[in-house]
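The next block holds one structure in the form of structure tokens; read it before the comments.
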Amino acid sequence: MIFTLPALPYTYGALEPYIDAKTMEIHHTKHHQAYINQLNQAMVDTSLPEAFDKESLLLNQLITSISSYNQTIRNHAGGHFNHSFFWDSLTPFAPQQPHAGSQLLKAITATFGSFDAFKAAFAKAAAAHFGSGWAWLSIAKTDGRLMITATPNQDNPLMDIIPVEAQGTPILGLDVWEHAYYLCYQNNRLAYIEAFWHVINWGFVEKRFQEVTL
Ligand code: MN
């Protein structure tokens, strides 16, 4: 087995009442684990580009050259990457926005006009995405600006099959598959998106932003 399920950095109930413990447990132990299992199975018959001693490096390599792999690997490598990324984006100890004076807050304000305008635009992208997928805040590959996009299924902006104007390095992502919210919010995706703002690990998002923009 190449890939393994990462431990969550908090307990399943830690994000309540915004994301409930049962949803977190099923999402982590069933959905995320299933992506990993199927990815490991699909990799058995796949020759690797070179030897990698770190799971995360190999996963990044797969994602950024995903056009070289089949649909099964695209779905499940995407699922593994996106969920690992998502868990790290959440925290029960969340401030409600990036730190005042941070480079990230300056960039968000410069790009979207204000933090509230950014939230509205991100929520709109997450709400408007039809069916399963993800909403992202990324640093665009073309010009280095912040951009909001949505991707279907388990695709993400790092994948080389995404239209080039929507490619970038994600710093925040929201899973809008129904399995991410249905137990607690049923069909009300808007309520789930609203809850998301209460549990974002902005310190982590700022760290990702700094790593790319340095
Ligand atoms: Mn999910």
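Computed from the coordinates by the stated procedures, all read-outs in this text should not be read as laboratory data. It should be emphasised that the depicted structure is a prediction, and the values quoted were computed from it without experimental measurement. Note that each Cβ is placed from the backbone with ideal geometry, even for glycine, and that neighbours are counted across all protein chains shown.
Could you please state, rounded to a whole Å, how far the C-alpha centre of region 180-214 is from the C-alpha centre of region 41-115? Spelled out, the Cα-based centre of one part sits 14 Å from the other.
Over region 14-89, all Cα pairs binned in 5 Å intervals from 0 give whole-percent P(r) values of 3, 14, 25, 24, 14, 10, 6, 4, 1, listed from short to long.
Quick check: net charge around HIS129, other residues with Cβ under 14 Å of its Cβ, Lys/Arg +1 and Asp/Glu -1? Could you put the intermediate results ahead of the total?
Details: positive: LYS124, ARG189; negative: ASP155, ASP175, GLU178.
Value of the local net charge: -1.
So which of LYS141/LYS207; LYS54/LYS207; LYS124/LYS207; LYS30/LYS124 end up more than 27 Å apart, counting from Cα to Cα?
Numbers: LYS141/LYS207 18 Å; LYS54/LYS207 21 Å; LYS124/LYS207 25 Å; LYS30/LYS124 29 Å.
Among LYS141/LYS207; LYS54/LYS207; LYS124/LYS207; LYS30/LYS124, the Cα-Cα distance tops 27 Å for LYS30/LYS124.
Of the residues SER56, ALA77, ILE161, the one whose Cα sits farthest toward the positive end of the charge dipole of the chain, with +1 on the Cβ of Lys and Arg and -1 on the Cβ of Asp and Glu, is ILE161. Dipole size of the chain about its Cα centre, with +1 on Lys/Arg Cβ and -1 on Asp/Glu Cβ: approximately 340 debye, rounded to the nearest 20. Taking PRO170, PRO95, PRO17 as the candidate residues, the one with maximal mean-square fluctuation in a Gaussian network model of the chain, Cα springs under 10 Å, is PRO17. Beyond 17 Å, the tail of the calculated P(r) for region 144-214 holds 55 percent of the Cα pairs.
Legend: translational diffusion of the chain by Stokes-Einstein, Rh = Kirkwood radius over C-alpha pairs, 4 °C, 1.567 mPa s; D = 73 µm²/s.
In order along region 5-12, the phi-based Karplus estimate (6.51 cos²θ - 1.76 cosθ + 1.60, θ = phi - 60°) of 3J(HN,Hα) comes to 6, x, 6, 6, x, 7, 7, 4 Hz; Gly and Pro are listed as x.
Computed from phi, the 3J(HN,Hα) profile of region 73-88 under the Karplus parametrisation 6.51, -1.76, 1.60 (θ = phi - 60°) reads 5, 4, 5, 8, 5, x, x, 5, 4, 4, 6, 4, 5, 5, 4, 6 Hz, with x in place of Gly and Pro.
Within the shell defined by Cβ-Cβ distances under 13 Å, the residues around PHE209 carry a net charge of +2, with Lys and Arg each +1 and Asp and Glu each -1. Name the residue farthest towards the positive end of the dipole of the chain from the options ALA120, GLN41, GLY13, assuming +1 on Cβ of Lys and Arg, -1 on Cβ of Asp and Glu, about the Cα centre. Towards the positive end, the residue furthest out is ALA120. Distant-in-sequence amide contacts of LEU172, defined by a placed amide H-H separation under 5 Å and a gap of 5 or more residues or a different chain, comprise LEU137.
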